[in-house]
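Following: one structure in structure tokens, then a few remarks.
The values are calculated or read from the model by the stated rules, or taken from the named source; none is laboratory data. In this text the structure is predicted, and so the values were computed from the model without any measurement. Don't worry about glycine lacking a Cβ; one is built from the backbone with ideal geometry, like all the others, and counts go over all protein chains shown. In case anyone asks, the SASA skips ligands and DNA or RNA and just uses the protein heavy atoms, side chains included. Shrake-Rupley method; radii C 1.70, N 1.55, O 1.52, S 1.80 Å.
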There are 4 protein chains.
Amino acid sequence: MNRISDPHFAERVRTSFAKQQAMDLIRATLPVVEHGRTEIHLPHWPGVEQQHGFVHGGVVGMIADSAAGYAAMTMVPASASVLTVEYKMNLVAPADGEMLIARGQVVRPGRTLIVTQGEVFAIKDGKETLCALMQQTIMVMHGKEEK
Amino acid sequence: MNRISDPHFAERVRTSFAKQQAMDLIRATLPVVEHGRTEIHLPHWPGVEQQHGFVHGGVVGMIADSAAGYAAMTMVPASASVLTVEYKMNLVAPADGEMLIARGQVVRPGRTLIVTQGEVFAIKDGKETLCALMQQTIMVMHGKEEK
Amino acid sequence: MNRISDPHFAERVRTSFAKQQAMDLIRATLPVVEHGRTEIHLPHWPGVEQQHGFVHGGVVGMIADSAAGYAAMTMVPASASVLTVEYKMNLVAPADGEMLIARGQVVRPGRTLIVTQGEVFAIKDGKETLCALMQQTIMVMHGKEEK
Amino acid sequence: MNRISDPHFAERVRTSFAKQQAMDLIRATLPVVEHGRTEIHLPHWPGVEQQHGFVHGGVVGMIADSAAGYAAMTMVPASASVLTVEYKMNLVAPADGEMLIARGQVVRPGRTLIVTQGEVFAIKDGKETLCALMQQTIMVMHGKEEK
């Protein structure tokens, strides 16, 4: 994996995450921020459910997209910001558990485009089940620092 | 487009939507349900924002995925339910507006798999701007009526 | 759709296509080049078949990807070239016919990224059947003229 | 990974591959067939080139799609066949090398749907470079043995 472009990447990522009211709305947290990798955790609570009592697929998508996008953000200079160009997600099992963990990681860091992968696991009785698998393209906006 | 399999499709779809607490959480509504086509509307309010004050890309994804999935549901028999297998979404502009409209439509109805497309528009000062474009695969679960 | 950046776009696109030996290998032609839209035609011949005698899904993908990529190329300045960043394709029916037509079109032209769609139809006894549906992201390389 | 459903999976997969004239056309071979995993190799020769002398992105797609589809086929019963529902591919570097290796593997084997991943590497001067990354959905057709 590439060298670290910004030694303060974790602080920069946490500050950005804290400003996302949508993450607060669904009660998502960002407990892990490493170089090229993040984790978003989501408790299962009624507000994020779909009609069968599982976590809504759209919410699963939100945390996968965000975890992988923030993984990309850990690898860009402090003077750059990142944008999601697109992502593709397979929902492979119902999100059935007490909490969800979305793991995002960079698989191909380029100067302008970064390719990432995301996985979402449901944790039930201490066991992880894969719920969703995502492949994503992130664009790096050089010289457009995130305010 | 295929013939109508269930004359009460709109009622069935609205009942399912009403049970999705996640749609209520983000304040999404489902004002349009036609055969092979639905619309989800979302007011722009602080709870759904990302760090720059636009609607969060994950929320854009939630309404695109749901609008297209419900478009598929309008075309299946009352005795069947639908599942999102996967989707791919391009985010082409910031979701900047007073409200968002997600339009989902069936492009290829099969017996087991239905391919749909979704578009999300931001409405600002009465003008629509395309924000997101999605292509999705839905699986039909025959004999598994939605409870 | 955007204004024309290069009045000689069709010539530029045809010259590029003529240099692709892989298109010649499968016997694909490019009979339609309009602003924001192209068509690639492929005769059904034994060399492009899969094990059941239909055209191979990978060959269907090749012509969809190329038709849409060249649609993007019609909209960039003569001083720029284009690259496929990624695409997503649904194969919705076997490619069963005497010939295939791949239609590519630009759906969202941006300065750096262009989003396109592609459709592939099989022509059998004069009737068109949709075989594949694609959504694609193209990157514009400004100042990197195609040699 | 799941148990083996058909002890003769490798023979079944090789027989199917041998019938694909399109694989012969591009000179692809299938030297590795393991349970849940295959490799397709492609020599770089003029017939598969694009306009810059690299291997055509569509050909890269063909071998990624096929390697992953055959990985899925290794895991289904002898009485079933497989179909590509859809795939999404990021092209991350030009396919520049003496040969390409496409590696397909099953990441989530389901009864009806199998999710796979594919990677394509270019080999140049003994060094592997990642060119393409794919996520794919395969459908299992039970009771429809491949002829």
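What are the nm distances, shortest first, from B:Ala18 to its equivalents in the other copies, labels at 7 Å along Cα→Cβ? Between copies, matching label points for B:Ala18 lie 4.2, 6.2, 6.5 nm apart. Sites listed here are GluC sites (Glu not before Pro) in region A:44-147 whose DSSP assignment is loop and whose Cβ has at most 15 other Cβ atoms within 10 Å: A:Glu98, A:Glu145.
Across identical copies of the chain, A:Leu83 has label-point separations of 1.7, 3.6, 3.8 nm, listed in ascending order, with the point defined 7 angstrom from Cα along Cα→Cβ. Over the Cα atoms of the protein assembly as shown, the radius of gyration divided by the Kirkwood radius equals 0.95; this is the Rg/Rh ratio.
Plugging the Kirkwood radius over Cα pairs into Stokes-Einstein for region B:9-142, at a temperature of 4 °C and a viscosity of 1.567 mPa s, what D comes out in µm²/s? If you can, show how the numbers build up before the last one.
Working: Rh = 14.6 Å.
For these conditions, the coefficient is 88 µm²/s.
In degrees from 0 to 90, rounded to the nearest 10, what is the angle of the helix C:9-18 Cα long axis to the longest principal axis of chain C? Tilt of helix C:9-18: around 50 degrees. Distances between copies at C:Pro46, taken between label points 7 Å from Cα along the C-beta direction, are 2.5, 6.8, 7.2 nm in increasing order.
Accessible area per residue for the protein assembly as shown is 38 Å², calculated with a 1.4 Å probe on protein heavy atoms, without ligands, DNA or RNA. Each Lys or Arg adds one and each Asp or Glu subtracts one; over the other residues with Cβ under 13 Å from the Cβ of C:Ala22, this totals 0. For region A:85-112, list whatever residues lose no less than 30 Å² of accessible surface once every protein chain is in place, relative to that chain by itself, with the probe at 1.4 Å. By number: A:Val85, A:Glu86, A:Tyr87, A:Lys88, A:Met89, A:Asn90, A:Leu91, A:Val92, A:Arg108.
Net charge near D:Val33: determine it from the other residues with C-beta under 13 Å of the C-beta of D:Val33, scoring Lys and Arg +1 and Asp and Glu -1. Intermediate values should be presented prior to the final figure.
Details: positive: D:Arg12, D:Arg14, D:Arg37, D:Arg103; negative: D:Asp6, D:Glu11, D:Glu34, D:Glu39.
Net local charge, D:Val33 excluded: 0.
Shown for region D:1-50: the carbon plus sulfur share of the solvent-accessible area, taken with all protein chains present and a 1.4 angstrom probe, equals 51%.
Karplus-derived 3J(HN,Hα) values for region A:21-29, using 6.51 cos²θ - 1.76 cosθ + 1.60 with θ = phi - 60°, are 5, 5, 5, 5, 4, 8, 6, 7, 10 Hz; glycine and proline are entered as x. Across the alpha-carbon atoms of region C:1-70, the computed radius of gyration and Dmax are 13.6, 45 angstrom.
Helical content alone sets the calculated 222 nm signal of the protein assembly as shown at -6500 deg cm²/dmol, taking -39,500 (n - 2.57) per DSSP H segment of four or more residues and averaging over every residue. Each Cα pair under 8 Å and six or more residues apart adds its sequence gap; the mean of these over the residue count of region B:9-142 is a relative contact order of 25 percent. Which positions within region A:28-65 get 50 Å² or more of their accessible surface covered by the other protein chains, compared to the chain by itself, with a 1.4 angstrom probe? Buried on complex formation: A:Gln51, A:His56, A:Met62. Summed over both chains, the contact between C and B buries some 1300 Å² of accessible surface at a probe radius of 1.4 Å. Specify the inter-centroid distance of region A:1-74 and region C:1-74, based on alpha-carbon positions, in whole Å. Between the Cα centres of region A:1-74 and region C:1-74 lies a distance of 40 Å. All other residues whose Cβ lies under 10 angstrom from that of B:Gly118 are scored, Lys and Arg at +1 and Asp and Glu at -1, for a net of -1.
Angle, helix A:57-73 long axis vs. longest principal axis of chain A, Cα atoms, 0 to 90°, nearest 10? Computed tilt is about 20 degrees.
Measuring from centroid to centroid over Cα atoms, what is the spacing of region B:78-147 and region C:75-147 in Å? Cα centroid of region B:78-147 versus Cα centroid of region C:75-147: 21 Å apart. A cut-off of 5 Å between modelled amide H atoms, ignoring neighbours fewer than 5 places along the same chain, links B:Met75 with B:Gly36.
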